[in-house]
1. Tell me which strands (runs of 3 or more DSSP E) are completely within segment 85-159 and hold 1 or more residues being in contact with a Ser or Thr (Cβ under 8 Å, 6 or more places away or on another chain) and of a type in the set (Ser, Thr, Tyr), or say none if there are none.
2. What are the residue pairs meeting all of these: first residue in segment 169-183, first residue at pLDDT 95 or above and buried (at least 16 other Cβ atoms within 10 Å of the Cβ), second residue in a helix (DSSP H, G or I) and among the small types (Gly, Ala, Ser), Cβ atoms under 7 Å, and 6 or more apart or on different chains?
3. Answer yes or no as to whether Val178 is outside the structural domain of Met26 (by TED's automatic domain parsing) and within 23 Å of Met215 (Cβ to Cβ).
4. Can you find, within segment 190-217, the residue that is surrounded by the fewest Cβ atoms within 10 Å (Cβ to Cβ) among those that are in contact with a Leu (Cβ under 7 Å, 6 or more places away or on another chain) and within 17 Å of Ala16 (Cα to Cα)?
5. Hey, any hits in segment 124-131 for a residue that's closer than 17 Å to Met215 by Cβ and surrounded by fewer than 17 Cβ atoms within 10 Å (Cβ to Cβ)?
6. Out of all the residues in segment 39-61, is one or more out of contact with any Gly (no Cβ under 6 Å at 6 or more places or on another chain), among the acidic types (Asp, Glu), surrounded by fewer than 22 Cβ atoms within 10 Å (Cβ to Cβ) and modelled with pLDDT under 95?
7. Among the residues of segment 23-44, what is the count of those that are out of contact with any helix residue (DSSP H, G or I) (no Cβ under 7 Å at 6 or more places or on another chain) and part of a helix (DSSP H, G or I)?
8. Listed residues Ala83, Ala124, Ala131; which is over 16 Å from Leu68 (Cα atoms) and out of contact with any strand residue (DSSP E or B) (no Cβ under 8 Å at 6 or more places or on another chain)?
Amino acid sequence: MLILGIETATERVSVAIGNHEGVLAMFEVTRGRRHAETLTPAIEFVCQQADIKLAEISVIAVDVGPGLFTGMRVGLAAAKVMAQALGIGIIPLSSLDLLTHPVRHTEKLIASVIDARKGEVFYALYRQTSAGMSRVLEPTTGTIDELLIVLSERAQDTVCVGDGAVRYRDEITHGYPVEFAESSFAFPSSAALVQMAYARAVREDWVDPAAIQAMYLRQPDAEINWSTRHSGPGGVA
C-alpha cells in the first residue's frame, strides 16, 4: 500500500511517499509561502525518486491544519483533486498531532505550538500512554500568556515543539520552565504524516475527499478584515 503525504499547513512544503517499509522519497522546502508554485513539482519529484506512478497511490494523507490559511487551502485542494481522480480516500491529520511524532517517546507532557501570527498561537497538549499518543488538551487558539497559564495549572514536566515554540521561546522560558525540541522539528513533516497515516490506511480508515474539512480554529484573515470593515460606523453590525 502506497501513501502520498501532503504537508502545506505551515511555511514549509513537504511531500513524501511511503509504505510498510517506511518513507521511500521525500521533498521539503521553505520558500516564503510559495506553496502553490512548489507543490506540484514536489509531488512529481517524489514520484520520480520513488519510481512510482500516481496511479499506484492507494491513499493520500494530508495535513488539515491548523496553520496558514493559504497553505492549508493549497494542500487540501490538491489532495481532493488527486483523490477524486484516482478514486481513492484521504486520511486527514492535524499539524499539531504531526509535531508530536519526533518527540513521541518522551514521558513528559508535549505542547505542540504553531505560530498563528497576530500575537497568537495554535496549541494542543499530548501525553504518551500505553495505547499511544493521546491528546490531553484539544487544539485551541490563544496568546502565549494563555498557554503559559494552562501549563502552570498542570504543573508537569513539559517539552515544547513547533515554530510557535521557536518564535516565543524567550517568553515561554520566562513564564514556565519547559524543555524545547530541536529546531529541526519546528515544522510538521510529510515523513511523519505518512508514518502516522499508515496504520489507518491498513484499516481502510480513510475519508471521502468531499468530506475533508480544514481545521481553521479561527476565521481566515480576509473574513476578519471584512467583518471589521462592515461592523464600524455606517457598516453592517
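1. The strands (runs of 3 or more DSSP E) meeting that bar are 109-117, 120-129.
2. What qualifies is Ile172/Ala165; Phe180/Ala165.
3. Criteria not met by Val178.
4. In this case the residue turns out to be Met196.
5. No, there is no match, as no residue in segment 124-131 is closer than 17 Å to Met215 by Cβ and surrounded by fewer than 17 Cβ atoms within 10 Å (Cβ to Cβ).
6. No, there is no match, as no residue in segment 39-61 is out of contact with any Gly (no Cβ under 6 Å at 6 or more places or on another chain), among the acidic types (Asp, Glu), surrounded by fewer than 22 Cβ atoms within 10 Å (Cβ to Cβ) and modelled with pLDDT under 95.
7. Residues flagged as out of contact with any helix residue (DSSP H, G or I) (no Cβ under 7 Å at 6 or more places or on another chain) and part of a helix (DSSP H, G or I) within segment 23-44 amount to 7.
8. Ala131
The values are calculated or read from the model by the stated rules, or taken from the named source; none is laboratory data. Predicted, not measured: the structure shown is a model, and the values here were computed from it. A quick note on method: Cβ atoms are made from the backbone with ideal geometry, for glycine too, and the neighbour counts reach across all protein chains shown.
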